[in-house]
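Structure record follows, encoded as structure tokens.
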Amino acid sequence: MLLEVNQLTREYKRGREAFRAVDEVSFTMADGEFVSIRGRSGSGKSTLLNLITGLLQPTGGSVFLDGENIFELDDRNYSYLRNSKLGYVSQVQSALSNLTVMDNVRLPFFLSKRDGEPSERAAALLEQVGIAHLAKAYPAQLSGGELKRVAIARALILSPELLIADEPTCDLDLQTTKEVLEFLASVAQRGTAVLMVTHEADASEYCNRTLFMESGKLVHIASGNPSGIFCSAI
Amino acid sequence: MSQQEQSPKGSKKKLGIITIACCNLKKKAVRTSCLMGLVAVLSFTLFSGLILTTSLRGGMESMRQRLGADFMVVPDGNQAKFEGALLRGEPGTFYFGRDTTKILSDIEGIIKTTPQFFITSLSTDCCSYQVQLIGYEPKTDFVIAPWISGQLKKDLEKGELVVGSKLEHQVGDTLKFFGREYVVAGRLQETGLGFDTSVFMNFDTAENVLDDAKIKGIHYRFNKGDSISAVMVKAEEGYDVSAINNAIVDRLREAGIKADVVASRTIVTTASDHINQFIFYVKVFSVMLWVLAVVLLSVVFTFSVHERKKEIAVLRILGATKGKLLQLIFGEAALIGTGGALVGLSLAFLVLFPFSTLISLTLNLPFVLPPPQRIAFLAMLSFLLTGAAGPAASVSSAYRIVKNEIQATMREGE
Ligand SMILES: Nc1ncnc2c1ncn2[C@@H]1O[C@H](COP(=O)(O)OP(=O)(O)O)[C@@H](O)[C@H]1O
Ligand SMILES: [Mg+2]
């Protein structure tokens, strides 16, 4: 199994009271699977993704990626794992503003010791996400949708085993949303598992499974095309 | 990984941490130049301060070692003028009888005496400024001779000159005083004393100069053939300053000669006090400036942490280790530090060395630049100290960034 999430819990303090933003969540993902997570705003989706990438420390539970418990790795190994096995597209704009689009995409390659040169692959990825013409631009000159594509291209530069995307289609127009979802589906088809948070009810069409979150818990796992269910809650 | 077998294409630059640091600095050019400017001021001050203090100490040391005379006797009331001439080459004239030399040489404990004779040149004569002309007696002299660079072919003859190190005239050149030309027969090494801007000649030549001065209508109050300006005195090894001083005063009073006695130890001590005070101020000022720079840089770095936090979080997400993040933070700070330090040092070199004479004149203190190795060492020291101000100032922000939970930083950066 590529990803095993067991009893994953994260507590936050709200005033004096502790509450669970993520509450004993368990699920698994296989190689090349495309899974989406839906749920109301504040239901804990981003917190869950941040736990899985190891960016947040859990209050309880474990995450195994490729058989390794990510919370037990030291800084070096954990950094290498994020660098080489995980791709992450955050909910907020995350391009480095002082680097060109091209350099933003090339960057992960240089964060661990490697031979070779990522420029060709970076150019190909920019082509695939449709912003090859912006390679030399700086992030400040790009629109929100274009920045999302930069983030996606950057997350894929090292062919990760798992791509995690937090609302990659928010703020995008219908046409662009469709393009991004289709692209992610094609990524999954080529073997990189994709775990995506989205508000798009239509997204389920592209996914193998959709998970629903409510108040930190996974309340429902729908497979196939669960259109209609929960739509009113989103 | 699939890209490992990709062949390197073209000359795409590597995106190491230092390259990223450079990009960050370049894109924030105004901020970067302000910070570098601050560091430049620091390194300029530090290096100049070090050079000044070392030069003053050097001047002091050379004065102590090389002021051949232990006592100098000058006409009553002219001590200040004489010190001005001796230490700073300020032209001055004053005279008393030549027999003073003989009287002094008879005192027990005094082993050598030699007379000197002071004349002031006209500023229009040889040089753009007034020069102190010093007549001395090559036969008995022990003050000037040790300074003559190389060897005079023979004793200084009538019509020949020896020039101080700051005069540009070379051996064989001629200098004109009161309408007559004289030949340079020798040069002095740098003394850090007023000698550096003085011109030396024997008594015959000096009288010649005075005769010409008279023709030009300039009268010095002296008796031809009998006047001198100062007697330089060398005492026995391990002499007692006040004993000799008293003996000189007593003997001259008996002879009816009114004179001031200047002990070189006292001059040196007084000058030393001045210099030590100056050095103290330079030190305090440098330390204060260093602290100020570090504080200012810290504030700027901490303020920019907000924006940096997100960048740091992104790098972390992409797989940068904590070590790499530290490299980035300190790398940028070090680039600012070293860049600023280099600018400051270059400016200091441009200002200090061409104007060292002017500086010594302004400070009114003996001044000898240290040898090149010492200058290089001081430059290196200032470079390291100021270069370190950048990293020192970013310690706290680096610590905060590395300590923070990354998701939290990602949010705060929004
Ligand atoms: N750093 C934090 N401190 C306290 N509460 C937090 C923090 N981050 C998120 N939360 C809370 O946890 C809950 C889940 O947040 P989040 O995972 O961002 O929701 P979603 O992504 O599903 O909209 C929210 O109620 C939010 O207020
Ligand atoms: Mg969210």
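Quick notes on this one:
- Selection status of B:Ile51, more than 27 Å from A:Lys136 (Cβ to Cβ), of a type in the set (A, V, I, L, M) and at pLDDT 75 or above: yes
- Only listed residue being loosely packed, with under 15 Cβ neighbours inside 10 Å, touching a helix residue (DSSP H, G or I) at 6+ places or on another chain (Cβ under 6 Å) and modelled with pLDDT under 90, chosen from B:Lys9, B:Lys14: B:Lys9
- The range A:159-185 residues that are within 13 Å of chain B (Cβ to nearest Cβ), paired with ones that are within 14 Å of ligand 1 (Cβ to nearest atom) and part of a loop (DSSP other than H, G, I, E, B) (beta carbon under 8 Å, 6 or more apart): A:Ile164/A:Thr53; A:Asp166/A:Ser90; A:Asp166/A:Gln91
- Residue in the range A:82-105 that is more than 7 Å from chain B (Cβ to nearest Cβ), among the aromatic types (Phe, Trp, Tyr) and either within 11 Å of ligand 1 (Cβ to nearest atom) or closer than 23 Å to B:Val314 by Cα (or both) present: no
- Taken over the range B:305-354, the criterion of being β-branched (Val, Ile, Thr) and either in contact (Cβ under 8 Å) with a residue 24 or more places away in the chain or part of a helix (DSSP H, G or I) (or both) is satisfied by B:Val305, B:Ile312, B:Val314, B:Ile317, B:Ile329, B:Ile336, B:Thr338, B:Val343, B:Val351.
- The conditions of being under 18 Å from B:Gly68 (Cβ atoms), in contact (Cβ under 8 Å) with a residue 24 or more places away in the chain and surrounded by 14 or more Cβ atoms within 10 Å (Cβ to Cβ) are met by B:Ile244.
- Within the range B:322-362, tally of residues that are within 21 Å of the chain's Cα centre (by Cα), at pLDDT below 90 and hydrophobic (A, V, I, L, M, F, W, C): 7
Residues are listed down the side, and each one gets a yes or a no for (1) in contact with a Cys (Cβ under 6 Å, 6 or more places away or on another chain); (2) more than 24 Å from B:Arg88 (Cα to Cα); (3) not in a loop (DSSP other than H, G, I, E, B):
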residue: B:Gln151; (1), (2), (3): no, yes, no
residue: B:Leu156; (1), (2), (3): no, yes, no
residue: B:Val184; (1), (2), (3): no, no, yes
residue: B:Asn208; (1), (2), (3): no, yes, yes
residue: B:Asp211; (1), (2), (3): no, yes, yes
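- Selection of first residues in the range A:43-70 that are within 13 Å of chain B (Cβ to nearest Cβ) and within 16 Å of A:Glu161 (Cβ to Cβ) and of second residues that are acidic (Asp, Glu) and within 16 Å of ligand 2 (Cβ to nearest atom), restricted to Cβ pairs under 9 Å at least 6 apart or on distinct chains, gives the following pairs, ordered by first then second residue: A:Leu49/A:Asp166.
- Exclusive hit being surrounded by 21 or more Cβ atoms within 10 Å (Cβ to Cβ) and either assigned to a loop (DSSP other than H, G, I, E, B) or away from ligand 1 (no atom under 15 Å from the Cβ) (or both), set A:Leu211, A:Leu172, A:Leu184, A:Leu195: A:Leu184
- Qualifying positions in the range B:23-34 - surrounded by 16 or more Cβ atoms within 10 Å (Cβ to Cβ), more than 7 Å from chain A (Cβ to nearest Cβ) and either among the small types (Gly, Ala, Ser) or touching a residue at least 12 places away in the same chain (Cβ under 8 Å) (or both): B:Leu25, B:Thr32, B:Ser33
For (1) more than 16 Å from ligand 1 (Cβ to nearest atom); (2) part of a loop (DSSP other than H, G, I, E, B), each residue gets a yes or a no:
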{"position": "A:Asp31", "(1), (2)": "yes, yes"}
{"position": "A:Ser36", "(1), (2)": "no, no"}
{"position": "A:Asn50", "(1), (2)": "no, no"}
{"position": "A:Pro58", "(1), (2)": "no, yes"}
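- Test result for A:Gly67, within 16 Å of ligand 2 (Cβ to nearest atom), surrounded by fewer than 16 Cβ atoms within 10 Å (Cβ to Cβ), at pLDDT below 95 and not basic (Lys, Arg): no
The values are calculated or read from the model by the stated rules, or taken from the named source; none is laboratory data. What you are looking at is a predicted structure, and each value in this text was computed from that prediction instead of being measured. Backbone-built Cβ (ideal geometry, glycine too); neighbour counts: all protein chains shown.
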